[in-house]
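J.: I have a structure here, written as structure tokens, and I will follow up with some questions on it.
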């Protein structure tokens, strides 16, 4: 690619950004924490306040992974779908906004074994020598359906997968 190819460079950036965000969902659902780790900067800001009620915080990614891995392994299965990508690039920084739907399954004796949520993610990414890395992730939950108690059961229970 040469300096004369700005349109091609923009398309390559967009595809790499979309691939990075899709790896987020793939890694979560396949429990591939090496893949999950590969898409993040050393530290990232996580704002899941609309889900958990906890304030946003900047966390060392390995600490974040230690927590999220145990939580995800408490479910029998998960499926995170992302669509409607809106990608904004400004030099070596980017913002990717996606609509998301997440399905969670956990057989239990207390009722419905599924819980779903929908909303959107906003990812901030920075271009690094090794590629685009997520530096911030905000989830805004718009709706829930099903047994919300499954989140607590999955977080407190033994690994199921």
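J.: For residue 97, are the conditions met, namely being surrounded by 14 or more Cβ atoms within 10 Å (Cβ to Cβ) and under 17 Å from residue 40 (Cα atoms)?
T.: Yes, satisfied.
J.: Could you say whether any residue in the range 108-121 is farther than 21 Å from residue 27 by Cβ, part of a strand (DSSP E or B) and free of Cβ contacts under 8 Å to residues at least 40 places away in the same chain?
T.: yes
J.: To continue, here is another question. For a quick check of your reading: which helices (runs of 4 or more DSSP H) sit entirely within the range 12-87 and have at least 1 residues that are at pLDDT 95 or above, in contact with a strand residue (DSSP E or B) (Cβ under 8 Å, 6 or more places away or on another chain) and over 29 Å from residue 108 (Cα atoms)? Spell out the reasoning first.
T.: On the way: elements: 33-38, 49-52, 61-73.
So the answer is 61-73.
J.: For the range 105-122: of the residues being at negative phi and more than 18 Å from the chain's Cα centre (by Cα), which is surrounded by the most Cβ atoms within 10 Å (Cβ to Cβ)?
T.: 106
J.: Right, another one. Among the listed residues 27, 44, 102, identify the single one that is within 19 Å of residue 129 (Cα to Cα), surrounded by 15 or more Cβ atoms within 10 Å (Cβ to Cβ) and within 13 Å of the chain's Cα centre (by Cα). Spell out how you get there, then give the answer.
T.: Details: 27 fails: within 19 Å of residue 129 (Cα to Cα); 102 fails: within 19 Å of residue 129 (Cα to Cα).
After applying the criteria, what remains is 44.
J.: State whether the residues of the range 133-148 include one that is out of contact with any strand residue (DSSP E or B) (no Cβ under 6 Å at 6 or more places or on another chain) and crowded, with 16+ Cβ neighbours inside 10 Å.
T.: no
J.: With the structure loaded, tell me whether residue 125 is buried (at least 16 other Cβ atoms within 10 Å of the Cβ), out of contact with any strand residue (DSSP E or B) (no Cβ under 6 Å at 6 or more places or on another chain), within 20 Å of residue 23 (Cα to Cα) and at pLDDT 95 or above or whether it fails that test.
T.: Against the criterion (buried (at least 16 other Cβ atoms within 10 Å of the Cβ), out of contact with any strand residue (DSSP E or B) (no Cβ under 6 Å at 6 or more places or on another chain), within 20 Å of residue 23 (Cα to Cα) and at pLDDT 95 or above), residue 125 does not qualify.
The values are calculated or read from the model by the stated rules, or taken from the named source; none is laboratory data. Nothing here was measured: the structure is a model prediction, and the numbers come from that model. Every residue, glycine among them, receives a Cβ derived from its backbone with ideal geometry; neighbour counts consider all protein chains shown.
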